[in-house]
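A.B. asks: Take a look at the following structure, please.
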Amino acid sequence: MPDLRVFETKEFLNKLAKLPKNYSESIYIKLKEYVYPQLKKEPFFGTNIKKLRGYSPDIWRYRIGKFRLFYFVDTKEHIIYIISIDYRRDVYK
């Protein structure tokens, strides 16, 4: 599979903007420098990656400390859609 492109949805950008400034800045740096390059090469396997059950199309979760990043991979168009990010404590309620 060729390298994938990353598309950040409006919902994701809004959620990121609502996080406390100290978190949002550090998370965005981590996304750009580490998470996105890893997802572009291998979006389905990794120590922080897990497929969520019961979703169609498949939704994947990436663990970033106390936060969870959710994304969908369009294998036909070679795009990773970053759907949302939230605190772990709020996600699994």
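A.B. asks: Running Debye on segment 1-84 with equal point scatterers at the Cα sites and no solvent, what base-10 log of I(q)/I(0) appears at q = 0.14, 0.18, 0.21, 0.22 Å⁻¹?
C.D. replies: With no solvent term, the Cα-only Debye profile gives -0.45, -0.75, -1.03, -1.13.
A.B. asks: With θ set to phi - 60° and the Karplus curve 6.51 cos²θ - 1.76 cosθ + 1.60, what are the ³J(HN,Hα) couplings of segment 32-41 in order, to the nearest whole Hz, using x for Gly and Pro?
C.D. replies: Values per residue, Gly and Pro as x: 5, 8, 10, 5, 4, x, 5, 5, 4, 8 Hz.
A.B. asks: Between Ile29 and Lys50, what is 0.36 nm times their sequence separation minus the Cα-Cα distance? Round to one decimal in nm. It would help to have the intermediate numbers written out before the result.
C.D. replies: Values: separation 21, 0.36 × 21 = 7.56 nm, distance 2.17 nm.
Between Ile29 and Lys50, full extension yields 5.4 nm more.
A.B. asks: If I fit a long axis through the Cα atoms of helix 21-30 and take the longest principal axis of the Cα atoms of the chain, what angle between them do I get, 0 to 90°, rounded to 10?
C.D. replies: The angle comes out at about 20 degrees.
A.B. asks: Give the residue from Tyr23, Ile79, Leu13 lying farthest towards the positive end of the charge dipole for the chain; charges sit on Cβ (+1 for Lys and Arg, -1 for Asp and Glu) and the dipole is referred to the Cα centre.
C.D. replies: So the residue we want is Tyr23.
A.B. asks: Something else about it: Rounded to the nearest 5, what % of the DSSP beta bridges within the chain are antiparallel ones? Mind showing how you got there, number by number?
C.D. replies: Numbers: 16 of 20 bridges.
Around 80 percent of the beta bridges assigned by DSSP in the chain are antiparallel ones.
A.B. asks: At a probe size of 1.4 Å, how large is the accessible area of Glu33, to the nearest 10 Å²?
C.D. replies: The value for Glu33 is about 140 Å².
A.B. asks: Normalising by the residue count of the chain, find the relative contact order in percent from Cα pairs under 8 Å and 6+ residues apart. Before the final figure, lay out the partial values.
C.D. replies: Details: 123 pairs, mean separation 31.0, N = 93.
Once divided by the residue count of the chain, the mean separation gives 33 percent.
A.B. asks: In the chain, once you exclude exposed chymotrypsin sites (Phe, Trp or Tyr not before Pro) (DSSP loop, at most 14 other Cβ within 10 angstrom), what's the longest stretch remaining?
C.D. replies: Working: sites that count: Phe44, Phe45, Tyr55, Tyr92.
It runs 1-43.
A.B. asks: Taking segment 1-87, which trypsin sites (Lys or Arg not before Pro) meet the DSSP loop condition and have no more than 15 other C-beta atoms within 10 Å? Could the numbers behind the result be given before it?
C.D. replies: Values: sites: Arg5, Lys10, Lys15, Lys18, Lys21, Lys30, Lys32, Lys40, Lys41, Lys50, Lys51, Arg53, Arg61, Arg63, Lys66, Arg68, Lys76; in loops: Arg53, Lys66, Lys76.
Sparse-neighbourhood loop trypsin sites (Lys or Arg not before Pro): Arg53, Lys66, Lys76.
A.B. asks: To continue, here is another question. Quick check for you: with a 1.4 Å probe and neighbouring chains kept, what is the accessible area per residue of the chain, in Å²? Present the calculation step by step, with values, prior to reporting the outcome.
C.D. replies: Numbers: 6230 Å² over 93 residues.
Using a 1.4 Å probe on heavy atoms only, each residue of the chain averages 67 Å².
A.B. asks: Another question, if that's okay. Run the accessible area of the chain with a 1.4 Å probe and give the carbon-and-sulfur part as a rounded percent. Could the numbers behind the result be given before it?
C.D. replies: Details: 3280 of 6230 Å².
Answer for the chain: carbon and sulfur cover 53 percent of the accessible area.
A.B. asks: Given the convex hull of the Cα atoms of segment 42-82, what is a quarter of its surface area in nm²?
C.D. replies: Reported value for the Cα convex hull: 3.1 nm².
A.B. asks: List the aspartates and glutamates whose alpha-carbon lies under 14 Å from that of Lys40, not counting same-chain residues fewer than 8 positions away?
C.D. replies: Asp3, Glu8, Asp74, Glu77
The values are calculated or read from the model by the stated rules, or taken from the named source; none is laboratory data. Bear in mind that the values here come from a model prediction, so they are computed numbers and not experimental data. Note that each Cβ is placed from the backbone with ideal geometry, even for glycine, and that neighbours are counted across all protein chains shown. Note: accessible area is taken over every heavy atom of the protein model, side chains too, but ligands, DNA and RNA are not part of it. Shrake-Rupley method; radii C 1.70, N 1.55, O 1.52, S 1.80 Å.
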